[in-house]
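Reviewing the structure listed below.
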Amino acid sequence: MNRHLLGLEYCSREEIESIIQTGFSFKEVLSRPIPKVPTLRGKTIVNLFFENSTRTRISFELAQKRLSADTVNFSVAGSSVAKGESLRDTIRNIEAMKIDMVVVRHKSPGVPCFLTECTDAVIINAGDGLHEHPTQGLLDIMTLQEKLGSVEGLKVVIVGDILHSRVARSNIYGLQKLGAKVALCGPPTLIPVKAEQWGVEIFYDIGDAIRWGDVLNILRIQLERQSAGLFPSRREYTQRFGVTLEKLRRVDKEITIMHPGPINRGLELEHDLADSEFSVILDQVTNGVALRMAVLYLKSGVPAQE
Amino acid sequence: MKKEKYLAEIIDPNGFQRTLRRLASEILEQCGGAGNLVFIGLHTRGFPLAKRIIECVKTEENVDVPIGSLDVTLYRDDINHRAESLQMQVTDVPMDIAGKTVILVDDVLYTGRTIRAAMDALIDLGRPAKIRLVVMIDRGHRDLPIKADFIGKYLPTSLGEEVSVKLKNIDGEDGVYLVSTEREET
Amino acid sequence: MKEFKAKKQNEILIKGARLLDPGSKLDKVADMLLRQGKIAGIGQGFPSENADVLDVGGCVVFPGFFDLHAHLREPGFEDQETIASGCAAAIAGGFTGLCTMPDTEPVTDTRGVVEFIQRAAEKTMVDISPAAAITKDCCGAELAEMAELVQAGAVAFSDAPHSLANAGLLRHALDYACMFKVPVIDVCEHAGLAGDGLMHEGAMSTRLGMRGIPGIAEDIIISRDLHLAEYTGAAMHLAKISTKRAVELIRDAKKRGVKVTCDVTPHHCLLAEESLAHYNTDFKVKPPLRTVADREALIKGLRDGTIDAIATDHTPHSPEEKQVEILAAPFGTTGLETAFSALYSGLVQSGRLPLEILLQKISVAPRKILHLTVPALREGAPANFSIWDLQAQRQVTADSFYSRSRNSIFLNDTLQGVIKAVCNKGQIWQA
C-alpha cells in the first residue's frame with residue numbers, strides 16, 4: 001500500500017479494493033448509536049485548503065472527528081500564504097507543530113506530490129488542480145458497488161467538462177482498474193487532447209452516451225468556461241449535453257445518475273432529476289464520509305519508508 | 001509468516017462438546033435463564049464459538065438467543081504501534097443491547113486487551129445491564145485486571161506457546177491444541 | 001554560490017593538451033605558449049623557466065564558447081544574477097562571450113542601459129554583446145531607438161522572452177534593422193495558443209492535469225517569421241526552437257534561400273516532457289520540453305545544419321521563486337555552467353553528434369550570426385579558450401554553481417567533462 005494518497009493512477013487494484021471495502025465497514029460504524037470510534041486518538045491532521053471547498057472539507061473534517069483525530073483547519077484567506085509565504089515554508093511550519101497527516105487541496109497540480117518531498121507527514125490529496133481528486137473517485141466507485149454490486153463490466157459515462165476535471169481523471173483510473181468501461185461525453189473543446197490514451201469511448205451527443213452507458217457521472221459546468229470561448233452559451237450546452245428525464249426515458253433500461261456536486265440545476269442536470277429514483281447523489285455524500293474515514297484509517301498506519 | 005508446530009492435544013472433540021454443554025448450563029444457571037441474554041462473539045473465533053454455545057442453550061431451554069459479531073480493530077490500544085493498519089472485519093449487532101445481559105464470547109483469554117477494547121466498543125453500541133465473559137481457554141498472562149466469568153478450561157502456558165481452538169463449524173473438527181509458533185523470516 | 005577568482009595572465013605554458021579548433025582545422029597534441037594575452041606559439045620544446053606551467057596532459061583545449069541567449073538579470077534583478085555572477089558562471093562553463101537579453105529593469109532599450117552592461121562587463125573575463133529591445137519597454141507597441149542602440153554597442157534586437165505579437169511592427173523592425181547588419185531575434189510562441197500552459201500539450205499534460213502549450217503555438221510563429229524574413233530579406237534569427245515541425249519549416253525555408261538562422265537549447269536536445277512526471281519546477285521551461293520525436297528532430301537538425309547554433313537560454317531564478325508549486329513557478333533554467341558537459345555526455349559520447357559539430361554550434365556559429373570575431377587556436381590570436389578534462393565526471397550539485405541561482409534542469413545529474421581552466425581578456429581562471 002502506498003503511504004500517501006496522491007491519485008488513483010498510482011494505486012493498485014488491490015489498494016483501491018481494500019480502501020473501498022474498509023469504507024463499507026466504516027459505513028456500519030456511522031450507523032451506530034454513537035457513530036464515533038477512538039481509533040485515531042492522539043493523531044493530528046491538518047486540512048490545508050488553498051482553494052475554496054465546503055463539501056470536501058466538511059466531509060474530511062467529519063471523517064476525522066468520527067475517528068477521534070485532532071484536526072486543524074488552514075484556509076488561505078487571512079493566512080500567511082496570502083502574505084507571500086511559500087508553500088514549502090508553510091508546510092515546514094505546520095510540520096514543526098508535529099502533524100501526522102495533511103489533507104491538501106490546491107489549484108496547482110502536483111502540490112500533494114511536492115509536499116511529500118518537504119514533510120514526513122502522510123499526504124492525502126483532496127484535489128490538485130486539474131489532476132486528481134482520488135477520494136471522490138473512490139467514493140463514486142463505492143457508491144456504484146453499493147447500488148449495483150460490482151463495477152466489473154459496468155459502462156460509466158463521464159459527462160461534461162472533462163478537460164478541467166480532476167474528478168474525471170480519478171474516476172477514469174479507478175473505474176478502469178476495477179474492470180469498468182469508461183466513456184467521456186462533452187463538447188470537443190472540453191475533452192482533453194489525447195484522451196484516447198485512456199482507452200475510453202468519446203461521445204459528442206448525450207443521447208448516444210445514454211444509449212451506451214449504465215451510469216452517467218455528470219460534472220459541474222463552470223460558467224467561466226463559456227467566457228473563455230469553450231462553448232457558445234448556457235442554452236446550447238443544456239440542449240446538447242444537459243441530462244433530462246425525457247432523454248433518459250427514451251432508452252428502455254435503468255440508468256444511474258451521479259454528480260460530485262455542487263449541482264447547477266437546470267444546466268447540466270434537469271431540475272428534479274437530482275432528487276429522482278435515478279439519482280445516487282446523496283448516497284455519494286454519505287459514502288464520502290465513510291470512504292474518507294477508511295482512507296485516513298488505512299493511511300495512518302503506513303510507516304515511512306525505511 | 002507464522003508456522004504452527006503441534007505440541008499437545010488439550011481437548012478432544014468429545015470433550016469439546018461436553019465443555020460447550022457445561023458452559024451453556026452455567027450461563028443459564030447464573031443468569032437465571034435465557035430471557036434477557038444477548039450473545040456477542042468476537043472476531044474471528046469468538047463468533048462461531050458463540051453460535052455453538054447458543055445451540056446448546058437451545059437444546060436445553062428451546063429458545064432462540066440473539067447473536068451479534070463484534071470487530072474491535074478500531075478500539076485497539078496498539079493501533080499507533082503497528083506497522084500497518086489492520087483490515088477491519090464485520091461488526092453486525094442487529095439487536096438493541098441496552099438493558100440486556102451481554103454474553104461476550106472469545107476463544108482464548110490472554111492479555112485481556114481485546115476484552116478491554118470489546119467492552120469499550122459494546123458500550124458505544126448501547127448500555128448493557130451486565131456484561132459477562134465466556135472463553136474456551138484461559139491461558140493466563142493477563143496485562144489488565146480482567147477475569148472471565150465462564151471458562152472452558154484453565155491452561156497454564158509459557159509465552160512461547162500458543163493455544164489453537166478449532167471449531168467444527170469453521171475448521172471441520174472441534175478441539176484445542178497447544179502449539180508453538182516461530183516467526184519465519186521472509 | 002561559489003566564489004570566482006581570476007588571475008592576470010603572465011607568461012603561461014600549456015603543456016600536453018590536445019588542441020581542437022575546427023575553424024582553424026587544428027586537431028593535434030601540442031604545447032601552447034601564452035604571452036601578453038596572446039598565443040605566442042604552438043608546438044614543442046618552449047622554454048619554461050619564465051612561464052607558469054600548466055600541465056594538462058590528457059585534456060582538450062577548445063576556442064571559447066559563445067552564448068546567444070543569456071538572461072543576466074542586471075540591472076533590475078540582482079538577487080537572481082548579476083553581470084559579475086553571470087560572467088563567472090559563463091567562464092565556469094567555457095563561455096567567453098555572451099549575448100544578453102533585454103529583459104532587464106529598466107529594459108535594455110536605451111543607450112544608458114547598453115553602456116551600463118558593457119561597463120559592468122569590462123571588469124569580467126567575458127566579452128558581453130548586449131541585445132537591445134526591439135520595442136520600447138518590450139511592450140510590443142513602438143520601436144526602440146535602434147540606430148542609437150547599435151551605436152552604443154547592441155549587436156541584435158529582441159523582445160525576449162516574448163515573441164513580438166504584432167507582425168506589422170516586426171516587419172518594420174526587420175526593414176529598419178537592414179540598415180545596420182544586425183539580426184532580429186524572435187522567440188517563437190503564439191501567446192493566444194500558448195495560453196496559460198505549463199508544459200507541452202499532449203498525452204502527458206492530460207495525464208498530469210497540466211494545461212498544455214501545443215507545438216503549433218511555436219510552429220505558427222515560425223511560419224509567420226519565415227514569411228516575414230523572406231519578404232523583407234532581413235536577417236532573422238529564431239531563438240530556442242523546440243518542435244519537429246519548426247525544424248522542417250526552417251529546413252525548407254533555408255532551401256529556398258531565406259536569410260534565417262536559428263538556435264536550440266541543450267535541454268531541448270536532451271530532455272522531453274516525461275521529465276515533468278513529478279512536477280519538478282526545474283523542468284518548467286519555455287518553450288516547454290516536447291516529445292521524444294521533437295527532441296530527435298532537433299538533434300537531426302543540428303547534424304544537417306538546419307539548426308545553426310546552441311544557446312543556453314540561461315534564465316536564473318531565486319529559490320523562493322522557483323521552489324513553489326508548479327502553477328506559480330516561473331519558466332526557465334540556468335544553462336551556462338552545464339551546457340557543454342550536458343551535450344557532451346548526452347550527444348557526443350553516444351555518437352549522435354560529432355564533437356566538431358558541437359564546437360561549431362557553440363563557438364563559431366553564434367558569433368557569425370552576430371558578426372563577431374571568432375576566436376581561434378593559432379599563433380598571434382588572442383588567448384580565448386577553455387581547457388577540459390573529458391575523461392572526468394562531475395555531479396551537478398546545488399552548491400556547485402557560480403551563478404547566483406541554482407534552478408538547473410541538470411541538477412543532481414552526473415555529467416561527463418570537467419573544466420580545468422579558461423583564458424580570455426588577458427586573464428586566466430583555473431577551476
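Here are a few things to note about the model shown:
- Qualifying residue in the stretch B:56-78 (condition: touching a residue at least 40 places away in the same chain (Cβ under 8 Å), closer than 16 Å to B:Ile151 by Cβ and open to solvent by 70 Å² or more (accessible area, probe 1.4 Å)): no
- The stretch A:16-46 - residue that is touching a Ser or Thr at 6+ places or on another chain (Cβ under 7 Å) and either open to solvent by less than 10 Å² (accessible area, probe 1.4 Å) or hydrophobic (A, V, I, L, M, F, W, C) (or both) and, of those, farthest from B:Asp71 (Cα to Cα): A:Ile45
- If the condition is being in a loop (DSSP other than H, G, I, E, B), within 14 Å of chain A (Cβ to nearest Cβ) and open to solvent by 20 Å² or more (accessible area, probe 1.4 Å), then the stretch C:241-300 contributes C:Asn280, C:Thr291.
- In the stretch C:313-334, residue nearest to the other protein chains (Cβ to nearest Cβ) [restricted to those that are assigned to a loop (DSSP other than H, G, I, E, B) and of a type in the set (S, T, N, Q)]: C:Gln323
- Scanning the stretch C:376-391 for residues that are under 19 Å from C:Ile42 (Cβ atoms), open to solvent by 30 Å² or more (accessible area, probe 1.4 Å) and part of a strand (DSSP E or B) turns up just one, C:Pro382.
Every residue, every condition in (1) at positive phi; (2) crowded, with 24+ Cβ neighbours inside 10 Å; (3) assigned to a helix (DSSP H, G or I), yes or no:
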| position | (1), (2), (3) |
| --- | --- |
| C:Leu336 | no, yes, no |
| C:Tyr344 | no, no, yes |
| C:Ser350 | no, no, no |
| C:Leu353 | no, no, no |
| C:Glu356 | no, no, yes |
| C:Val374 | no, no, no |
| C:Gln393 | no, no, no |
| C:Ser405 | no, yes, no |
| C:Gln416 | no, no, no |
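- Check on B:Asp77, at pLDDT below 95 and either in a helix (DSSP H, G or I) or away from chain A (no Cβ under 14 Å) (or both): no
- Only one of the numbered conditions (1) touching a helix residue (DSSP H, G or I) at 6+ places or on another chain (Cβ under 9 Å); (2) in contact (Cβ under 8 Å) with a residue 60 or more places away in the chain; (3) open to solvent by 10 Å² or more (accessible area, probe 1.4 Å) is violated by A:Val215, and that is (3).
- The stretch C:301-318, residues that are open to solvent by 30 Å² or more (accessible area, probe 1.4 Å) and touching a residue at least 60 places away in the same chain (Cβ under 8 Å): C:Asp308
- All helices (runs of 4 or more DSSP H) inside the stretch C:124-209 with 2 or more residues being assigned by TED's automatic domain parsing to the domain that holds C:Leu271 and open to solvent by less than 10 Å² (accessible area, probe 1.4 Å): C:146-152, C:167-177, C:203-208
- Identity of the residue in the stretch C:213-236, over 25 Å from the mean Cα position of the chain (by Cα) and without any contact (Cβ under 8 Å) to a residue 40 or more places away in the chain, that ends up least open to solvent (accessible area, probe 1.4 Å): C:Glu230
- Test for A:Gly7: is it in contact with an Asp or Glu (Cβ under 6 Å, 6 or more places away or on another chain), open to solvent by less than 20 Å² (accessible area, probe 1.4 Å) and within 12 Å of another protein chain (Cβ to nearest Cβ): yes
- The C-beta contact set for the stretch B:33-44 (first residue touching a residue at least 40 places away in the same chain (Cβ under 8 Å), second residue among the hydroxyl-bearing types (Ser, Thr, Tyr) and buried (at least 19 other Cβ atoms within 10 Å of the Cβ), distance under 8 angstrom, 6+ apart or interchain) comprises B:Asn36/B:Thr101; B:Leu37/B:Thr101; B:Val38/B:Thr101; B:Ile40/B:Ser69; B:Gly41/B:Ser69; B:Leu42/B:Ser69; B:Leu42/B:Thr114; B:His43/B:Ser69.
- None of A:Asn93, A:Asn73 is in contact with a strand residue (DSSP E or B) (Cβ under 9 Å, 6 or more places away or on another chain) and either without any contact (Cβ under 8 Å) to a residue 24 or more places away in the chain or open to solvent by 40 Å² or more (accessible area, probe 1.4 Å) (or both) except A:Asn73.
- Filter result (in contact with a helix residue (DSSP H, G or I) (Cβ under 8 Å, 6 or more places away or on another chain), of a type outside the set (A, V, I, L, M), more than 9 Å from chain C (Cβ to nearest Cβ) and crowded, with 23+ Cβ neighbours inside 10 Å) within the stretch A:96-123: A:Arg105
- Residue match in the stretch C:213-231 (condition: closer than 28 Å to A:Leu163 by Cα, assigned to a loop (DSSP other than H, G, I, E, B) and either more than 14 Å from chain A (Cβ to nearest Cβ) or among the β-branched types (Val, Ile, Thr) (or both)): no
- Unique residue being in contact with a Gly (Cβ under 9 Å, 6 or more places away or on another chain) and more than 11 Å from every other protein chain (Cβ to nearest Cβ) when the list is A:Leu178, A:Leu138: A:Leu138
- For A:Ser53, the conditions (1) farther than 17 Å from A:Met293 by Cα; (2) without any contact (Cβ under 8 Å) to a residue 40 or more places away in the chain; (3) touching a strand residue (DSSP E or B) at 6+ places or on another chain (Cβ under 9 Å); (4) among the small types (Gly, Ala, Ser) all hold with the exception of (2).
- Test set (1) touching a residue at least 60 places away in the same chain (Cβ under 8 Å); (2) open to solvent by less than 20 Å² (accessible area, probe 1.4 Å); (3) part of a helix (DSSP H, G or I) - A:Val285 fails condition number: (2)
- Residues (among the small types (Gly, Ala, Ser) and either assigned by TED's automatic domain parsing to the domain that holds C:Ile387 or surrounded by 24 or more Cβ atoms within 10 Å (Cβ to Cβ) (or both)) located in the stretch C:94-120: C:Gly94, C:Gly97
- Residue satisfying condition, being open to solvent by 30 Å² or more (accessible area, probe 1.4 Å), under 14 Å from A:Ile162 (Cα atoms) and outside the structural domain of A:Arg57 (by TED's automatic domain parsing), within set A:Glu236, A:Glu246, A:Glu201: A:Glu201
- Screening A:Asn171 against (1) over 21 Å from A:Asp275 (Cα atoms); (2) assigned to a strand (DSSP E or B) leaves a single unmet condition, (2).
- Flag if C:Ser363 is in the same structural domain as C:Pro102 (by TED's automatic domain parsing) and surrounded by fewer than 18 Cβ atoms within 10 Å (Cβ to Cβ): no
The values are calculated or read from the model by the stated rules, or taken from the named source; none is laboratory data. Fair warning: this is a prediction, and the values are worked out from it, not measured in the lab. Because the Cβ atoms are built from the backbone with ideal geometry, glycine has one as well, and the counts that use them run over all protein chains shown. We work out accessible area using only protein heavy atoms, side chains counted, and drop any ligands, DNA or RNA first. Shrake-Rupley method; radii C 1.70, N 1.55, O 1.52, S 1.80 Å.
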